[in-house]
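A short reminder: the numbers here are calculations on the coordinates, not readings from a lab. Keep in mind the model is a prediction, meaning the values are calculated, not measured. All Cβ positions, even for glycine, are placed from backbone atoms using ideal geometry, and neighbour counts span all protein chains on display.
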Amino acid sequence: MLRGIVLKDKNIIILSIIFLLLIIFIYIFYLNFIISDLKNDLKSKENLYSIQINNRIDEILELSEQIKELHRIMDVGLVLNSNDKIVFNNKIDENSLNNLFKIIPNGFPLIDVQVSSRFGERIHPISNIEKFHSGLDLKTKIGNNVYSTASGVVYKVRNEDNGGYGKFVTILHAFGFTTLYAHLDEVLVKEGDFVDKNSVIATSGNTGISTGPHLHYEIKFLEKHLNPIDFIYWNKKSFNSIFMNNSNIEWKNLINKF
Ligand SMILES: [Zn+2]
């Protein structure tokens, strides 16, 4: 009887040990599983971070290239302004700036401006063929004043509505810049006239090949077309904006004239 009880206890102890070992085994297996999951998670995070770091390095390298380019263009020191933006540390006084903005095209050729077609490659609205658009189309009404965007001399006038640009005016400005104003209704200047910045040179219209009243406005430097939008929004506050976008112009030499 007594022996029977001892044997029973022994069995219970052995069973308990087996059960305990089983639980330990399952627990180790479970831990292993969790650790390998964590490892995978860490690895994928590591990959993600390394991609992000590489992207950042690329951005920094690109920025440093741009800074070098700006240095090359301006050949002057660059400073960080209060908004941490890199600006040209120019030495131009207020008076010289005013003179500069009188003779280099800037600002709006119309009072109310709404861009209806941008500069660059586009599908032509009439021919439906992709073609380089050499200017900027500004939506307007017939008969609004068109202003010269810098002082200069009227170089070419066409006063007949015979296709293409219709009636147009081109103005020759200082230092190799020219502007063109096309699809006009009425031309108010003649070739050889000297005009000031903001002189009324014409009224807007719908002459030539045009789908509706608008002003086609172009800016060229030494016969090369520039994006007029850079110049339309160029003013004393945004003085530095022009240098990066139009790096083919030797701005440094030009600014030194003022
Ligand atoms: Zn146009």
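Given a 10 angstrom Cα cut-off, can you work out which residue in ARG118, ARG158, ARG56 is the most mobile in a GNM of the chain?
Result for the chain, Cα springs under 10 Å: ARG56 fluctuates most.
How large is log10 of I(q)/I(0) for the chain at q = 0.07, 0.11, 0.13 Å⁻¹ when the intensity is taken from the Debye formula with one equal scatterer per alpha-carbon?
Values, matching the q order: -0.43, -0.75, -0.91.
Pull out the extension gain between TYR49 and ASN245, defined as 0.36 nm times the separation in residues minus the alpha carbon to alpha carbon distance; nm, one decimal. Let's see the in-between values first.
Numbers: separation 196, 0.36 × 196 = 70.56 nm, distance 3.32 nm.
That works out to 67.2 nm of additional length.
Looking at the square roots a ≥ b ≥ c of the eigenvalues of the Cα gyration tensor of the stretch 130-258, which shape do they give, rounded for a/c under 1.5, prolate if a/b is larger than b/c, or oblate?
On the way: a/c = 1.94, a/b = 1.55, b/c = 1.25.
Prolate.
Expressed as an acute angle from 0 to 90° and rounded to the nearest 10, what is the orientation of the C-alpha long axis of helix 94-103 relative to the principal long axis of the chain?
In the chain, helix 94-103 runs at an angle near 70 degrees to the longest axis.
How much net charge surrounds PRO125 when only other residues with a Cβ under 13 Å from its Cβ are counted (Lys, Arg +1; Asp, Glu -1)?
Working: positive: ARG118, ARG122, LYS131, LYS139; negative: GLU130, ASP137.
Summing Lys/Arg as +1 and Asp/Glu as -1 gives +2.
Using the Karplus curve 6.51 cos²θ - 1.76 cosθ + 1.60 with θ = phi - 60°, work out ³J(HN,Hα) for each residue of the stretch 26-34 in order, rounded to whole Hz, and write x for Gly and Pro.
3J(HN,Hα) across the stretch 26-34, in whole Hz: 4, 5, 4, 4, 5, 4, 4, 4, 4.
Extending each Cα 7 Å along its Cβ direction at SER16 and LYS224, get the distance between those two points in nm, one decimal.
So the label points at SER16 and LYS224 sit 9.3 nm apart.
Can you tell me how much longer the chain between ASP196 and ILE60 gets when fully stretched, taken as 0.36 nm per residue apart minus their C-alpha distance, in nm with one decimal?
So the extension gain works out to 44.5 nm.
Let me know the longest stretch in the chain that avoids all GluC sites (Glu not before Pro) found in a DSSP loop with at most 16 other C-beta atoms within 10 Å.
On the way: sites that count: GLU160, GLU191, GLU223, GLU250.
Result, exposed sites excluded: 1-159.
Once fully extended, how much extra length lies between TYR27 and GLU186, figured as 0.36 nm per residue of separation less the alpha-carbon to alpha-carbon distance? Show your work: numbers first, answer last.
Working: separation 159, 0.36 × 159 = 57.24 nm, distance 9.14 nm.
Difference between extended and current length: 48.1 nm.
Kindly provide the helix-only [θ] at 222 nm of the chain, computed as the sum of -39,500 (n - 2.57) over DSSP H runs of four or more divided by all residues, to the nearest 500 deg cm²/dmol? Write out the running numbers ahead of the final one.
Working: 5 runs with 98 residues, N = 258.
The helix-only estimate for the chain comes to -13000 deg cm²/dmol at 222 nm.
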